[in-house]
Amino acid sequence: EKQVAEALSTAEVWQRRHAEEAKEKSQLEMELSLLNSRISELTEQLQSVQDEGRSDREALLDRLRGVSAENMAAKLENQTLKAAASAVEEKLSLSQSELQQVKASIRQYETLLDSYKIQVLEHALGTLANPDPASLRSYLPFNKLYRLGKPGPRPISTVPRWPRQNTRPRW
């Protein structure tokens with residue numbers, strides 16, 4: 001009987017231990033199942049984040065390529081515009097130089113014209129002051145025509161006199 005009681009007591013201990021182990025095993029299996037589902041969720045999230053990262057990186061690379069292409073186009077256009085501006089500046093400089101030369105030439109011609117006018121007037125006035133009968137006869141028909149309203153040169157008396165100042169006539 002003692003052995004039976006010991007065997008029963010040992011069996012009860014083993015049975016309790018087995019029940020505890022079974023309970024612990026089911027608890028661990030439940031935790032394992034929860035951990036596996038959590039691992040699956042995290043793996044899906046990681047895959048999703050990686051996919052988004054890849055697509056974002058591709059979008060940024062595409063944008064970078066576009067901006068680089070625009071930058072190159074802008075640089076080329078800038079070089080073209082600089083070359084064109086340089087050519088225009090050179091043409092402007094040449095034009096200004098030519099303009100200065102033309103202005104100087106005009107001034108020379110105006111001075112020459114003024115001196116010719118003065119010479120013509122001095123000659124005409126000198127002829128009237130010391131009249132030569134031949135020269136007066138040449139003026140008389142034109143004077144008559146002018147008085148009759150017919151076309152012809154203006155008589156000497158109506159030729160304007162230029163002042164002998166440093167001013168030039170305005171045309």
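Within 15 Å, Cβ to Cβ, of D51, how many net charges do the neighbouring residues add up to if Lys/Arg are +1 and Asp/Glu are -1?
Working: positive: R54, R57; negative: E44, E52, D56, E58.
Within the 15 Å Cβ shell, the charges total -2.
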* Which FRET efficiency, nearest 0.05, do A83 and S37 yield, Cβ-Cβ r, R0 41 Å? -> 0.05
* Take the alpha-carbon centre of the range 51-118, take the same for the range 1-34, and report the distance between them in whole Å. => 97
* Asked: Hey, any idea what % of the range 1-78's accessible area is carbon plus sulfur with a 1.4 Å probe?
  -> 57
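For the range 45-119, what is the accessible area per residue in Å², given a 1.4 Å probe and the full set of protein chains? Each step should come with its number before you reach the end.
Numbers: 6510 Å² over 75 residues.
Using a 1.4 Å probe on heavy atoms only, each residue of the range 45-119 averages 87 Å².
What is the sum of charges, Lys and Arg at +1 and Asp and Glu at -1, for the other residues whose Cβ falls under 12 Å from the Cβ of Q27?
Charge balance near Q27 sits at -3.
Can you tell me the mean projection area, over all orientations, of the convex hull of the range 1-113's alpha carbons? Units nm², please. Walk me through the intermediate numbers first.
On the way: hull surface 51.4 nm².
The directionally averaged projection comes out at 12.9 nm².
Expected output is a single nm value to one decimal: the length gained when fully extending between E44 and E98, i.e. 0.36 nm times separation in residues minus the C-alpha distance. What is it? Let's see the in-between values first.
On the way: separation 54, 0.36 × 54 = 19.44 nm, distance 7.95 nm.
Gain on stretching E44 to E98: 11.5 nm.
In nm, what is the difference between 0.36 nm times the number of residues separating L60 and R16 and their Cα-Cα distance? Don't skip to the answer; put the middle values down first.
Details: separation 44, 0.36 × 44 = 15.84 nm, distance 6.42 nm.
This chain segment gains 9.4 nm when fully extended.
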* Point-to-point label distance, A69-Q119, nm (Cα→Cβ direction, 7 Å offset) -> 7.5
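The values are calculated or read from the model by the stated rules, or taken from the named source; none is laboratory data. Since this is a predicted model, take the numbers as computed values, not measurements. Note: ideal-geometry Cβ built from the backbone for every residue, glycine included; neighbour counts use all protein chains shown. When the accessible area is computed, the model is the full protein with side chains, heavy atoms only, and any ligands, DNA or RNA have been set aside. Shrake-Rupley method; radii C 1.70, N 1.55, O 1.52, S 1.80 Å.
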